[in-house]
Amino acid sequence: MTDRPVAGGSDELAPVVHTAQGDVRGFVDEGIAVFRGIPFAADVSGEGRWRPPGPAPEWQGVRDGTRHGAICPQSTEKRNGAVAPWLAEFEMAEDCLNLSVYSPQLKAGSKVPVIMWIHGGFARIGTGSRHDGKALAKRDAVVVTINYRLDSLGLFAHPALTARQTDEPLANYGLMDMAAALRWVQDNIDAFGGDPGNVTIAGQSSGGVAVTALMTSPMTRGLYHRAIAQSGAMANLEQARRVSVDQPGSPSLEKDGEALATALGVDPGGDVPARLRALPWQKIIAYSETRPAGAMVPVTDGRFLPGNVDRTFARGEQNPTPLMIGTTDWEQSLVANFNIPLAAILRGTSADEARSAYPALDDKPLVEEWFADTGFHAPARFLARQVAAHGGKAFVYRFSHLPADKRGSVPGAAHSDDVPYLFEPVGLPSVTVDATGKELSRIMTGYWTNFARKGDPNGPGLPRWAAVGTDDLELMDLDVPPAMQTDPRSNQIQYHLQRYQTALEAMRP
C-alpha cells in the first residue's frame, strides 16, 4: 500500500480531531494518522486506586497527541542483566489510562473496522504504546492500542475494600479499564473514521486471556463485535479463583491482599482503604517482585465476571461474537529454561496417566509439552469448539514460522513470535526487513483485518481458512505459505478435550 495524504484538521501533516473530551492534534506517519496519549478514563491514582475507572477528563484548546502518555506502573527488574530496552522510551505513572489511535482516513462516517489491541506481559508488564499499529491500519483498519492497570494495581482485593465498596465491581480493575476503553471507542472512534458498530477486541498472551474473559462479561456486551485471542485463553480445568472465597489449592484474592498489606506495614486497626491508597505504587510493585512469577489471572467477582469462563462458553452464554484464536507451536519456550517438578505442572493428574498420554518422554520434555498443551493449545481449541457448538463462527491457527537466522537453533516459533508481524515493536529489531518477513506480515494483516471487517479471515489473495467444526482438529498453519492442516498434536489435544468434558460434568450442579 503506497503512502497517501490523510484528510482531517487544518493541516494534513498535523491533523486535528474533535473528541468528546476535547480536540487532539496528531501527526502523519507513512500515510497513517497517529494520535498518542489520549486519556480514555480518569486518573486511577490516589482515591482512584482500586476503583472502577471514571470518565475521561475534558480539556480546553488542542491537546498534543504526538507524544506517548505515561505507561502503567510495572517492574523494571533486570532480566538477563539488563532492563527491557523499550522501557526507557516511556514515562511511568499511575495516571496511565491513555490510548493511541492509528487511522487510514479521518473522515467521520467512513465506517472503517476498528481493532482494539490489548497487550500481553503476564498482566504485570508491557504497554500498548510499544505496539505500532501502522501495518494493520494500512490494510484499512482503525487500530487502537491501550494501557491498563497491571500487577497488583490491576488485580487486587482486601476485606476492607470489599466491605467499603459494596456498590462497585471489585478486583478485576485491569479488565474494567479495558471496558472503559471500549466505551471511549463507542463514543469517539467515528471522528477517527472508525465504525463503532464494528469493533474487534484483540490481544496476545495475558491480553488473549483478557479477550476471552471480556467475552463473558455482561459489562462489555454490545461494546465490541469480534474477538481475536493470541496465545492466551481464560480456560482451565479448575474452579475459577474468587475474590473472597477460598478454593481447593487456590486461596482467595483477599488473602493475597491481606498479605500485601501486612508486608507493607498497613495498620489493620486503622482506615485500611485510605492507608492502602496512600502506599507509593513503587512499594506495591516492589512487593510483587518478591512473589512467584506468573500471570495475574482474572478472578470471578460476581459482577464483572459473574462465573466460571469455561462453563459460560460451554453453555453458549458468552457474548455472541465470532472468535479467531490460536497459539505458536513452541509455547513451551516460556518454561524451557526452568526445571519445574512434574507434580507441580500436573496439578493433581497422576504421573502414570500423563506418561501414558505423552509416551516416551522424560520428565522435563513432558513438563514442557504438558504446560504448552494445557495452558495454550487445548484451551484455544476448547473455546473455539464451544463457539461452533452454539452456532457461532470460530477459526483456529498455529503460528510456526521461523526466520532463517533461527532455524536449527530453536525447536519452533516461541511465545510472542507472531506479534511483530502485526505490530512493529518499539525497542526491538524489525522482523519484516526481508521478503519472507514482508510476505508473512501481508498474510497475517490480511487475515486479521478481513476478520475484523466481516468476522471471517478469508479474502482475495489468501489461502482458504476453514471454520472450526464441533469435532474436527483442523487449523491454519501460519507460515510462508500458510496452509490448512490437521493439528500435529491431535492425540494430546483430544486427550485434554476429554479432560475438559469430564471436569465440566463434575462441575454441574
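Classify the range 206-289 from the C-alpha gyration tensor, please: rounded if a/c falls under 1.5, else prolate or oblate depending on whether a/b exceeds b/c. Cα axes put the range 206-289 in the prolate bin. Taken over the chain, lysine pairs spaced eight or more positions apart, or on distinct chains, with alpha carbons under 14 Å apart number 4.
If a paramagnetic tag sat 7 Å from the Cα of Ala506 along the Cα-Cβ line, which residues of the range 315-357 would have the backbone N under 20 Å from that point? Taking a point 7 Å out along Cα→Cβ of Ala506, the residues of the range 315-357 whose backbone N falls under 20 Å are 315, 342-357.
Can you work out the FRET efficiency for the pair Asp29 and Val62, with r the C-beta to C-beta distance and R0 = 25 Å, to the nearest 0.05? Computed FRET efficiency for Asp29 and Val62: 0.85. Name the residue from Val209, Pro359, Ile285 whose Cα lies farthest towards the positive end of the charge dipole of the chain, charges +1 on Cβ of Lys and Arg and -1 on Cβ of Asp and Glu. Towards the positive end, the residue furthest out is Val209.
Taking the square roots of five times each eigenvalue of the Cα gyration tensor of the range 106-250, the equivalent ellipsoid has semi-axes of 30, 16, 13 Å, listed largest first. Over the chain, dividing the summed -39,500 (n - 2.57) contributions of all DSSP H runs of at least 4 residues by the number of residues returns a 222 nm mean residue ellipticity of -8000 deg cm²/dmol. Of all DSSP beta bridges confined to the chain, the antiparallel ones make up roughly 40%. Here's the picture: a label point sits 7 Å out from the Cα of Ala389 along the beta-carbon direction, and within the range 486-501 the residues with their amide nitrogen under 17 Å of it are 493-501. Segment Ala344..His18, full-extension length gain: 112.0 nm, with 0.36 nm per residue of separation and the alpha-carbon distance subtracted. Summarising the overall dimensions of the range 406-484 from its C-alpha atoms, the Rg and Dmax are 13.9, 42 angstrom.
Each peptide among 459-468, 151-160 gets the average number of other Cβ atoms lying within 10 Å of its residues, and from highest to lowest they stand as 151-160, 459-468. Dimensions of the range 49-183 from C-alpha coordinates, computed as largest minus smallest value along each principal axis and given longest first, are 49, 44, 29 Å. Provide the FRET efficiency to the nearest 0.05 for the Gln186-Ala360 pair, computing r from the beta carbons and using R0 = 45 Å. The formula returns an efficiency of 0.25 here. Loop-located GluC sites (Glu not before Pro) across the range 15-64 with a Cβ neighbour count of 10 or fewer within 10 Å are Glu58, with loop assigned by DSSP.
Extending 7 Å from Cα along the Cβ direction at Thr486 and again at Glu474 yields two label points whose distance is 1.3 nm.
3J(HN,Hα) along the range 489-497: 10, 3, 4, 5, 5, 4, 4, 6, 5 Hz, from the Karplus curve 6.51 cos²θ - 1.76 cosθ + 1.60 with θ = phi - 60°, whole Hz, x for Gly and Pro. Distance from the alpha carbon centroid of the range 431-460 to that of the range 257-324 works out to 35 angstrom. Pairs of Cα atoms in the range 328-509 fall into 10 Å distance bins, from 0 up to the last occupied one, in shares of 8, 32, 34, 21, 5, 0 percent. Between the listed residues Ala452, Pro403, Gln501, the Cα displaced farthest toward the positive end of the dipole of the range 328-509, a dipole computed from Cβ unit charges relative to the Cα centre, is found at Ala452. For the range 441-509, a Kirkwood hydrodynamic radius built from all Cα pairs, placed in the Stokes-Einstein relation at 10 °C and 1.306 mPa s, yields a translational diffusion coefficient of 112 µm²/s.
Just so you know, all these numbers are worked out from the coordinates, no wet-lab data involved. Everything numeric in this text was worked out from a predicted model, so none of it was measured. Virtual Cβ from ideal backbone geometry, glycine too; neighbours counted across all protein chains shown.
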